Amino acid sequence: MIIDLHIHSKNSDGSLSGKKIFELAKMKFFFMMSITDHDSISFQEKASVLAQKSGINYVSGVELNVTFIDTKYTEQKPIFLDFLGYNFDLENSQLVTKLEKMSQFRQQRAMKILKKLNTEFRKNQIQELTKEDLANIQSSVDGVFGRPHIADYLVKKGIVKNRKEAFDKYLVKCNVPKYPLYPKDAARLVRNAGGKIILAHPNDPYGTSLIKLTTSLGEQTKIISNSILQFIDGIECWHSRNDEKTTNHYVKYSKEHRLMMTGGSDCHQKPILMGTVKVPSYVANQFLT
């Protein structure tokens, strides 16, 4: 039984269209899935239709980037975490309006990043990005425009060798603050739409996670208990970058606190492929009952 509740499409920063994702899911005999694009639910209605046609159980999904402050570790300096929203009402006006506002903010943020990039390029005698370049980047995006799309374009232009180099050399330095969404705001937004909210990949070594504060799993769950628990309904326990120790720790913690447990590949199809994380069948039962 294949379950993948964390998939990204071209509507955010994945490499495949939603339609292609469902074609592959049907070929691989998926039992349950969710497309969780960043700050966007524009594809969710169509996804539900495609899932029904494909005979796949579908859970509406979205991934929200959340600003988190823990004064013990950061002294008021925020880090970013990802929260996954599931099983919400696609027509909830508050959710739709907020995500549209966040999408517009992302677009404006991307423009500011491009402006900063050109400043760096001038310093390094690299040809600046033009309006034509901007149009090319936008044409590669089906939905929300963000830094990964800019990174991929810099690779295509031959300015950097890969996405990692784009971030290390330029996009970290040229960053612009993200939309300020806090845990309580994310929780209210998803729960008021009838959905469940999940802390995504809490120990992801390469992503937005609590590892930015501490590598200790015990300390991470203390932070969750003290500052996050009231704002979540569950934890993503299975993830493509989890080791066995991480998964076991978060499964145990979730059971102790009667939290939902979810899992997924977090695939963008480059190189992680959807359906490659072994998620237990009982995870699906949480959404079928």
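Condition first: at pLDDT 85 or above and of a type outside the set (S, T, N, Q). Now tell me which residues in the range 90-109 satisfy that.
Leu90, Glu91, Leu95, Val96, Lys98, Leu99, Glu100, Lys101, Met102, Phe105, Arg109
Can you name the residue in the range 207-248 that is in contact with a Leu (Cβ under 8 Å, 6 or more places away or on another chain) and either among the small types (Gly, Ala, Ser) or part of a loop (DSSP other than H, G, I, E, B) (or both) and is also surrounded by the most Cβ atoms within 10 Å (Cβ to Cβ) among such residues?
Ile232
Of everything in the range 268-286, what is at pLDDT 95 or above and of a type in the set (A, V, I, L, M, F, W, C)? Give them in sequence order.
Residues of the range 268-286 at pLDDT 95 or above: 277-286.
Across the range 268-286, the qualifying residues are Val277, Val279, Val283, Ala284.
Against the condition among the basic types (Lys, Arg) and closer than 24 Å to Met32 by Cα, how does Lys222 come out, does it pass? Steps first, answer last, please.
Values: among the basic types (Lys, Arg): yes; closer than 24 Å to Met32 by Cα: no.
Criteria not met by Lys222.
Take the residues in the range 27-64 that are touching a residue at least 60 places away in the same chain (Cβ under 8 Å) and either in a helix (DSSP H, G or I) or hydroxyl-bearing (Ser, Thr, Tyr) (or both); name whichever of them is nearest to Arg109 (Cα to Cα).
Selected residue: Ser40.
For the range 176-198, state whether one or more residues are farther than 30 Å from Tyr86 by Cα and free of Cβ contacts under 8 Å to residues at least 12 places away in the same chain.
Taking the range 176-198 first, the residues farther than 30 Å from Tyr86 by Cα are none.
Checking the range 176-198: not a single residue is farther than 30 Å from Tyr86 by Cα and free of Cβ contacts under 8 Å to residues at least 12 places away in the same chain.
Could you list all residues from the range 241-289 that are in contact (Cβ under 8 Å) with a residue 12 or more places away in the chain, farther than 21 Å from Ile223 by Cα and of a type in the set (S, T, N, Q)?
Hits for the range 241-289 are Ser265, Gln269, Thr276, Ser281, Gln286.
Please specify each residue of the range 151-185 satisfying the condition of being assigned to a helix (DSSP H, G or I), surrounded by 14 or more Cβ atoms within 10 Å (Cβ to Cβ), out of contact with any Lys or Arg (no Cβ under 6 Å at 6 or more places or on another chain) and modelled with pLDDT of 90 or more.
Tyr153, Leu154, Val155, Glu165, Ala166, Phe167, Lys169, Tyr170, Pro183, Asp185, listed by residue number.
Quick check on my filter: what residues within the range 249-283 are surrounded by fewer than 18 Cβ atoms within 10 Å (Cβ to Cβ) and either within 22 Å of the chain's Cα centre (by Cα) or of a type in the set (Lys, Arg) (or both)?
Val251, Lys252, Lys255, Arg258, Lys270, Pro271, Ile272, Leu273, Thr276, Lys278, Pro280
On the basis of being surrounded by fewer than 18 Cβ atoms within 10 Å (Cβ to Cβ) and modelled with pLDDT under 90, does Lys131 make the cut?
Working: surrounded by fewer than 18 Cβ atoms within 10 Å (Cβ to Cβ): yes; modelled with pLDDT under 90: yes.
Yes; evaluated as a whole, the condition is true for this residue.
For Asp39, which of the numbered conditions (1) exposed (fewer than 15 other Cβ atoms within 10 Å of the Cβ); (2) of a type outside the set (A, V, I, L, M); (3) on the phi > 0 side of the Ramachandran plot; (4) modelled with pLDDT under 95 fails to hold?
(1)
Can you pull out every residue in the range 52-79 that is modelled with pLDDT under 90, in contact with a helix residue (DSSP H, G or I) (Cβ under 8 Å, 6 or more places away or on another chain) and under 13 Å from Leu181 (Cβ atoms)?
none
Which one is nearest to the chain's Cα centre (by Cα) among residues in the range 15-50 that are among the small types (Gly, Ala, Ser) and closer than 24 Å to Met261 by Cα?
Ser40
Scan the range 109-119 and tell me whether some residue there is among the polar types (S, T, N, Q) and either in a loop (DSSP other than H, G, I, E, B) or under 21 Å from the mean Cα position of the chain (by Cα) (or both).
Within the range 109-119, not a single residue is among the polar types (S, T, N, Q) and either in a loop (DSSP other than H, G, I, E, B) or under 21 Å from the mean Cα position of the chain (by Cα) (or both).
Of all residues in the range 250-289, count the ones that are part of a helix (DSSP H, G or I), closer than 23 Å to Ile224 by Cα and in contact with a strand residue (DSSP E or B) (Cβ under 9 Å, 6 or more places away or on another chain).
Counting residues in the range 250-289 that are part of a helix (DSSP H, G or I), closer than 23 Å to Ile224 by Cα and in contact with a strand residue (DSSP E or B) (Cβ under 9 Å, 6 or more places away or on another chain) gives 7.
Would you mind finding the one in Gln52, Gln104, Gln94 that is surrounded by fewer than 19 Cβ atoms within 10 Å (Cβ to Cβ) and not assigned by TED's automatic domain parsing to the domain that holds Ser12?
Gln104
The values are calculated or read from the model by the stated rules, or taken from the named source; none is laboratory data. Here the structure is a predicted model, which means the values were calculated and not measured. Backbone-built Cβ (ideal geometry, glycine too); neighbour counts: all protein chains shown.
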